[in-house]
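Heads up, the thing below is written out as structure tokens.
The values are calculated or read from the model by the stated rules, or taken from the named source; none is laboratory data. Not measured: the values here are computed from a predicted model. Cβ coordinates were reconstructed from backbone atoms using ideal geometry, including for glycine residues, and neighbour counts include every protein chain displayed.
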Amino acid sequence: MSGGKKRGIGKQLAELHRWNAWLIVALAASGLILSWGAARGWLGEGRVWVKQLHIYIGLVTAVLLALYAPLAKRHLKQLRNRPRQKGNLAFVVALLAGWLLSGIVLWQIRLFPPHWANYALLVHDLSTWIGLPYAAYHSITRLRWLKKPERRAVRPDVDESVRGTEPGGLHPAGVPQPWMTRRQFVRWSVGIAITAAVGPSFIRWAGKASGVAAVPGGMTDGADPNRMLPAPDPLPDSTNVIGGGAQGRFRIYTVTPLPTFDSADWTFTVDGLVERPMRLGWEQFLKLKRAVQVSDFHCVTGWSVYKNTWEGVRLSELLAQAGAKPEAKYVKFYSGDGEYTDALSMEQAAMDDVLVAVLHDGKPIHRDYGGPVRLIVPQMYAYKSVKWLQRIELIREPHTGYWELRGYDNDAWV
Ligand SMILES: Nc1nc2c(c(=O)[nH]1)N[C@H]1C(S)=C(S)[C@@H](COP(=O)(O)O)O[C@H]1N2
Ligand SMILES: [Mo]
């Protein structure tokens, strides 16, 4: 290979490396915002834009990998005597591939079976937990002033003996070298500092991700800020948790600060195009006939909770009781948070498994997860499952829900 050609590929590789570095910074920033629970509230619809941006940048990274592919062979040849750099390269390519493939599943979620998304999310998260600390380590330890300390100007106040290149080697004057070079010392310090910074949160994440055990029934068991008295009396199928207990973990979603409810002033309304409008207090609501049903819960962002045992009032029976007028074509759901709404067609609302749920795995639904009463539409993505449900209105015209207004598909079938 001619020297000119070598310089050519070196320049191209350097360019790709630089682009890759900036893309990863952008992906990390947008990705961290997306995964940061607290940001879900204040970001509101901005979240949809950040997600689009994250996807586009991810696709540019794919282009970068495609540009690198034809250079890979010559690059590996260059590295044949440098096993460490080869290892680094393999690791980075594997990471990028993991991010990319799982990202594609999460992006095109409906092209794949629902449980794929859960694995994809795990791979995506795990790649991030490993990849970002690694990228931070890689960029800090490769800063020029760390890489070539011997090239820096000699300063009279610096002890020359700590600048050796071989640890444990002998100084020309016969003075033993320190057991660690300055460069090794910096590498270890950076490594330890990053591990200490990220380790505890990683362990917490891994604990949650690896087992239902961390949060029995998928929901927090912390005290419920709602004050709903009396507590609902579960049916035997709920008490026995006929689904065997939820598998997976709910993430707490809200578009407002989490609301709190008290049975003293909580009401539940069914109105609009109905013969017999209803307005129930908590005790009256608890007198409605309930049913128990086991179903999977899928969020369109990739996570799922399987085998939930829900107990609640069948929407179809509630609507029958209120008596839909013939001109009623859609059912609109209002959250007690004052912001969130969604809707179903009358046919969809008539599905037997649509539940106005009060209990999950035999326990009252915790405030964080939409209690005291939330909608459950098992056959659709969970953005249809309105939390803190307080009002159902029958309407003539279609209604576009909170997330549908901000880019989610109106057709939410899983
Ligand atoms: N009121 C209200 N209901 C809502 C949401 C919300 O932000 N506010 N998020 C929806 C989405 S996108 C999902 S995935 C589920 C999440 O339910 P969870 O917070 O109990 O996990 O609630 C749905 N219902
Ligand atoms: Mo969701």
**Message:** Criterion first (of a type in the set (S, T, N, Q) and within 16 Å of ligand 1 (Cβ to nearest atom)) does Asn20 satisfy it?
**Reply:** no
**Message:** Could you check the range 179-202 and list, in sequence order, the residues that are part of a helix (DSSP H, G or I) and β-branched (Val, Ile, Thr)?
**Reply:** Val186, Val190, Ile192, Ile194, Thr195, Val198
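Okay, residues lined up against (1) within 16 Å of ligand 2 (Cβ to nearest atom); (2) outside the structural domain of Ser345 (by TED's automatic domain parsing); (3) touching a helix residue (DSSP H, G or I) at 6+ places or on another chain (Cβ under 8 Å):
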position: Ala209; (1), (2), (3): no, yes, yes
position: Thr254; (1), (2), (3): yes, no, yes
position: Thr269; (1), (2), (3): no, no, no
position: Ser295; (1), (2), (3): yes, no, no
position: Val300; (1), (2), (3): yes, no, yes
position: Ser304; (1), (2), (3): yes, no, yes
**Asked** Out of (1) on the phi < 0 side of the Ramachandran plot; (2) at pLDDT below 95, what's the single condition that is false for Gly218?
**Response** (1)
**Message:** On the basis of being buried (at least 16 other Cβ atoms within 10 Å of the Cβ) and within 16 Å of ligand 1 (Cβ to nearest atom), does Val292 make the cut?
**Reply:** no
**Message:** Tell me whether the range 361-370 contains one or more residues that are touching a residue at least 40 places away in the same chain (Cβ under 8 Å) and within 13 Å of ligand 2 (Cβ to nearest atom).
**Reply:** yes
**Item:** Only listed residue being under 29 Å from the mean Cα position of the chain (by Cα), away from ligand 2 (no atom under 16 Å from the Cβ), among the β-branched types (Val, Ile, Thr) and farther than 29 Å from Trp36 by Cβ, chosen from Val358, Val313
**Value:** Val358
**Request:** Being assigned to a strand (DSSP E or B) and small (Gly, Ala, Ser) is the filter here, so list the residues in the range 269-314 that pass it.
**Result:** Gly272, Gly281, Ala291, Ser295, Ser304, Gly312
**Message:** Any residue that is at pLDDT below 60 and hydrophobic (A, V, I, L, M, F, W, C) - is there at least one of those in the range 168-186?
**Reply:** yes
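Per-residue answers, yes or no, for (1) surrounded by fewer than 20 Cβ atoms within 10 Å (Cβ to Cβ); (2) of a type in the set (Lys, Arg); (3) within 14 Å of ligand 1 (Cβ to nearest atom):
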| site | (1), (2), (3) |
| --- | --- |
| Thr220 | yes, no, yes |
| Gly244 | yes, no, no |
| Arg251 | yes, yes, yes |
| Gly281 | yes, no, no |
| Gly302 | no, no, yes |
**Request:** Answer with yes or no whether Phe250 is under 25 Å from Gly370 (Cα atoms) and within 16 Å of ligand 2 (Cβ to nearest atom).
**Result:** yes
**Asked** If only one of Gln379, Gln348 is under 24 Å from the mean Cα position of the chain (by Cα), more than 8 Å from ligand 1 (Cβ to nearest atom) and surrounded by fewer than 21 Cβ atoms within 10 Å (Cβ to Cβ), which one is it?
**Response** Gln379
**Request:** Answer yes if at least one residue in the range 317-338 is within 16 Å of ligand 2 (Cβ to nearest atom), modelled with pLDDT of 95 or more, within 25 Å of Thr400 (Cβ to Cβ) and surrounded by fewer than 21 Cβ atoms within 10 Å (Cβ to Cβ), and no otherwise.
**Result:** yes
**Message:** Being without any contact (Cβ under 8 Å) to a residue 12 or more places away in the chain, loosely packed, with under 15 Cβ neighbours inside 10 Å and not in a helix (DSSP H, G or I): is that true of Arg80 here?
**Reply:** yes
